[in-house]
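Peer 1: Take this structure first; my questions come after.
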Amino acid sequence: MISMQKKEARIKAKIIRAKEKNNLNAFQIIEHIPASIFNNRIIAGYWPLTDELDIIPLLKSCFSKGHKLSLPCTPERGNPLLFRSWSPTDKLKKGLYGTCEPFPEKALVVPNLILLPLLAFTGTGTRLGYGGGYYDRTLASLRLRNDIFACGIAFASQEVDFLPTDEFDQNLDGILTDKYFKAF
């Protein structure tokens, strides 16, 4: 039952997000995030897919201020993500599901600030991902050993009142949108 509810929620969320595609929003998110959130953090970003909010300007800004960056590498299904160091001048390789990721020669890192894409979120930090469970497994694993801050990246219009959840779903610690930042 939950899986069918999630499938329906994903279909609706993809329609909402597709309507928001606007490159101006990529720059607007920088205005809304408190600079203190980056202090003493290894930042994990993501290389945006077609309809995802483009955070590359934010990552470039962080890099120019001396922050350490990483991008996820998608392993085989059922495993948590790996993160490899990344700088804006690095070449990337094609990953699973149309992603781009650092080459295996780049150092593995353990981030403590994860900026993650999503399809929908609630005002209490529930998130709806793509259904592969990669970020849920990753957050669960990292939270066992580290103090991390998981910050969803989305358009404000992706906020919904309710999302179906199960015992594997990991909540966000914050959300950064084109209109606001909110910590949960």
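Peer 1: Take the stretch 151-173 and flag every residue that is buried (at least 19 other Cβ atoms within 10 Å of the Cβ) and not in a loop (DSSP other than H, G, I, E, B).
Peer 2: Cys151, Gly152, Ile153, Ala154, Gln158
Peer 1: Kindly indicate whether any position in the stretch 90-113 is modelled with pLDDT under 95 and of a type in the set (Phe, Trp, Tyr).
Peer 2: Yes, some residue in the stretch 90-113 is modelled with pLDDT under 95 and of a type in the set (Phe, Trp, Tyr).
Peer 1: Something else now. Within the stretch 72-112, how many residues turn out to be surrounded by 14 or more Cβ atoms within 10 Å (Cβ to Cβ) and among the aliphatic types (A, V, I, L, M)?
Peer 2: Counting residues in the stretch 72-112 that are surrounded by 14 or more Cβ atoms within 10 Å (Cβ to Cβ) and among the aliphatic types (A, V, I, L, M) gives 4.
Peer 1: Which one of the conditions (1) within 26 Å of Phe184 (Cβ to Cβ); (2) in contact with a helix residue (DSSP H, G or I) (Cβ under 9 Å, 6 or more places away or on another chain); (3) not basic (Lys, Arg) does Glu76 fail to meet, given that it meets all the rest?
Peer 2: (1)
Peer 1: Can Glu105 be described as closer than 23 Å to Ile42 by Cβ, assigned to a loop (DSSP other than H, G, I, E, B) and over 16 Å from the mean Cα position of the chain (by Cα)?
Peer 2: On the way: closer than 23 Å to Ile42 by Cβ: yes; assigned to a loop (DSSP other than H, G, I, E, B): yes; over 16 Å from the mean Cα position of the chain (by Cα): yes.
Against the criterion (closer than 23 Å to Ile42 by Cβ, assigned to a loop (DSSP other than H, G, I, E, B) and over 16 Å from the mean Cα position of the chain (by Cα)), Glu105 qualifies.
Peer 1: For the stretch 148-184, name all the residues that are aliphatic (A, V, I, L, M) and in contact (Cβ under 8 Å) with a residue 12 or more places away in the chain. Give the derivation first.
Peer 2: From the stretch 148-184, those aliphatic (A, V, I, L, M) are 148, 150, 153-154, 156, 160, 163, 172, 175-176, 183; that's our starting set.
Correct list: Ile148, Ala150, Ile153, Ala154, Ala156, Val160, Leu163, Leu172, Ile175, Leu176.
Peer 1: Going by the conditions given, is Leu144 out of contact with any Cys (no Cβ under 6 Å at 6 or more places or on another chain) and either closer than 22 Å to Lys19 by Cα or not in a loop (DSSP other than H, G, I, E, B) (or both)? Full working, then the answer.
Peer 2: On the way: out of contact with any Cys (no Cβ under 6 Å at 6 or more places or on another chain): yes; either closer than 22 Å to Lys19 by Cα or not in a loop (DSSP other than H, G, I, E, B) (or both): yes.
Criteria met by Leu144.
Peer 1: Restricting to the stretch 134-157, and then to whatever is at pLDDT 95 or above and of a type in the set (Gly, Ala, Ser), can you tell me which residue is nearest to Ser36 (Cα to Cα)?
Peer 2: Out of the qualifying residues, it is Ala150.
Peer 1: Would you confirm whether any residue within the stretch 174-181 is assigned to a loop (DSSP other than H, G, I, E, B), of a type outside the set (Lys, Arg) and modelled with pLDDT of 95 or more?
Peer 2: Kept after step one, since they are assigned to a loop (DSSP other than H, G, I, E, B), are these residues of the stretch 174-181: 178-180.
So of that shortlist, the ones also of a type outside the set (Lys, Arg) come out as 178, 180.
In the following step, the residues that additionally are modelled with pLDDT of 95 or more were identified as none.
For the stretch 174-181, residues assigned to a loop (DSSP other than H, G, I, E, B), of a type outside the set (Lys, Arg) and modelled with pLDDT of 95 or more: absent.
Peer 1: If you check Phe149, Phe162, Phe155, which single one turns out to be of a type in the set (Phe, Trp, Tyr) and in contact with a Gly (Cβ under 7 Å, 6 or more places away or on another chain)? Give the steps one after another, and end with the answer.
Peer 2: On the way: Phe162 fails: in contact with a Gly (Cβ under 7 Å, 6 or more places away or on another chain); Phe155 fails: in contact with a Gly (Cβ under 7 Å, 6 or more places away or on another chain).
Within the list Phe149, Phe162, Phe155, the selection yields Phe149.
Peer 1: May I ask you to list the residues in the stretch 128-139 that are part of a helix (DSSP H, G or I), in contact (Cβ under 8 Å) with a residue 40 or more places away in the chain and not basic (Lys, Arg)?
Peer 2: We begin by selecting, within the stretch 128-139, every residue part of a helix (DSSP H, G or I); these are 134-139.
Those still in the list that are in contact (Cβ under 8 Å) with a residue 40 or more places away in the chain too: 134-135, 137-138.
Answer for the stretch 128-139, where residues must be part of a helix (DSSP H, G or I), in contact (Cβ under 8 Å) with a residue 40 or more places away in the chain and not basic (Lys, Arg): Tyr134, Tyr135, Thr138.
The values are calculated or read from the model by the stated rules, or taken from the named source; none is laboratory data. Owing to the predicted nature of the structure, the values given are computational and were not obtained by experimental measurement. Cβ sites come from the backbone with ideal geometry, for glycine too, and all protein chains shown count toward neighbours.
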